[in-house]
Amino acid sequence: MNAYGLAALFFSFNSVMVAIFVIIKRNDKVGRTFLAFNLLAAGWAQGLPWLISYNVSYEVALFSSRALNLFAIFIPPTWYHFVCAYLAIQPKRKQVLTGLYVYSILLSTVSFHPAFVNHLTSMVGFRYFTQPGPLYHLFTVLFSLAVTAAFVELFVALRFLKGEERKRLKILISAMFVAFVGGSPTFLPVYGIPWPQYNLFLMPIYPLLMAYAIMKRGLLESENILAIHREKLALIGLMTSSVNHELRNPLFLIRESAKKIASQLEEKKNSESMAALSSISKNLDRISDLVGRLRDFGKVNQDKNVADEVDLKKAIHDALFFVSQELKYHNVEIKEEIPDDLPKIKGDKNQLEEIFLNLFMNALQAMPKGGLLSIVLRTSNIVHREKGNRSTKYEVQC
């Protein structure tokens, strides 16, 4: 085996080890998509030595070429899926992800057909190298678009992060960039460009960078994903605060002008115009309320050690405000059982609102054809046995 084959095998084995370590630490969408991406990349790399290192027959090499390309077909959608899961934008990209996976599945059905990999030829010092059929170009398009889109998503997210979270994302981008720079130039000889494949020696750096990032920087820890969410929430707060500042004075002037016109029309007893102005005033109040709610929702509590007194009923209603139109559109009925004398609790109002909002959105997704959303709050007295103190227990059911 030559050095190129050893580099591919080193990349393959260590990528799998890193992925297994991650999935043990966090068995969620991020961990699972990271595992899938690494297994596919490892499968592709395992096939390379059969083309560039091992002394095998043409038939075995051709089968290996088609097999490794079968793995490669699913790398672009899985890579994009991992990025979406890591950045918590998967729901927004659901249609794109579905399209990418359907495209890959359809392409995989012809991966062993001569129209995909036509034959092998000697090139750039290797005995065998893939020569494409007409359908292979569809894979090239898929790879180029999906991989580029994923990196764009990462760089956009990078703009909104600061401190340690920004450093972690930079390391992730660097590691993935090394992996793709190491593997992507294998396309060039396929298209007749005699590019020496020294790039393959970059691939083993990828698992080493990922191992460093995970062990030393805490990359892919659940807490760090939550930190990205907090950064995004802070950005929303900044944006809505700016919008509130820009809209407040114009809204005030419009409201006062409407009142002045209303007083003049009242003297003339023009009922139709009065009704129209009343509608304008109500909608202005609604806009002001919306901007204010967005501003409050986007605020981030800078002092995590200071807890506010939170009215759970108000927090739930404020969260419902943002999904009320969607609930109505999907014919979801809301049923509340919230006591009027519910005592306040200590906590972070914005985080509680975000939790309730996520619960309501999950309920909405579970009832696409309509249904009943029940919100039940109860209090009950409990006794701490070790001290004998009585306290209040809160139960929230959605």
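By other beta-carbon atoms within 10 Å, ranking M361, M210 with the fewest at the front produces M361, M210.
Here the extension length gained between F321 and M17 equals 104.8 nm, from 0.36 nm per residue of separation less the Cα-Cα distance. Projected label points at K346 and H137, each 7 Å from Cα along the beta carbon direction, are separated by 6.8 nanometres.
What the phi angles of region 7-24 give under the Karplus curve with 6.51, -1.76 and 1.60, with θ = phi - 60°, is a coupling list of 4, 5, 5, 4, 4, 4, 5, 6, 5, 5, 4, 5, 5, 5, 4, 5, 5, 5 Hz, glycine and proline written as x. Look at where the Cα atoms of region 140-195 and of region 306-333 average out, and the two centres are 39 Å apart. Remark on M203: its backbone amide H falls under 5 Å from none of the residues 5 or more positions apart or on other chains, H modelled at 1.01 Å from N. At an R0 of 41 angstrom, the distance between the Cβ atoms of T109 and L158 translates into a FRET efficiency of 0.65.
Applying 1/(1 + (r/R0)^6) with r as the Cβ-Cβ distance of I89 and H119 and R0 = 56 angstrom yields a FRET efficiency of 0.85. When the C-alpha to C-alpha distance is required to be over 28 Å, the pairs from K29/K167; K25/K162; K282/K314; K162/K349; K29/K314 that qualify are K29/K314.
Under 5 Å between amide hydrogens, built in the peptide plane, is the criterion, and for V117 it picks out G133 among residues at least 5 positions away or on other chains.
Listed by Cβ neighbour count within 10 Å, with the fewest neighbours leading, E336, E309 appear as E309, E336. By the count of neighbouring beta-carbon atoms within 10 Å, fewest first, W79, W195, W50, W44 end up ordered W195, W50, W44, W79.
Between A366 and I24, the FRET efficiency estimated from the beta carbon spacing at R0 = 41 angstrom works out to 0.85.
Subtracting the Cα-Cα distance of V181 and K313 from 0.36 nm times their residue separation leaves 42.2 nm of extension gain.
Bear in mind that the values in this text are calculations on the coordinates, not laboratory data. Computed from a predicted structure; not experimentally measured. All Cβ positions, glycine included, derive from the backbone under ideal geometry; neighbour counts span all protein chains shown.
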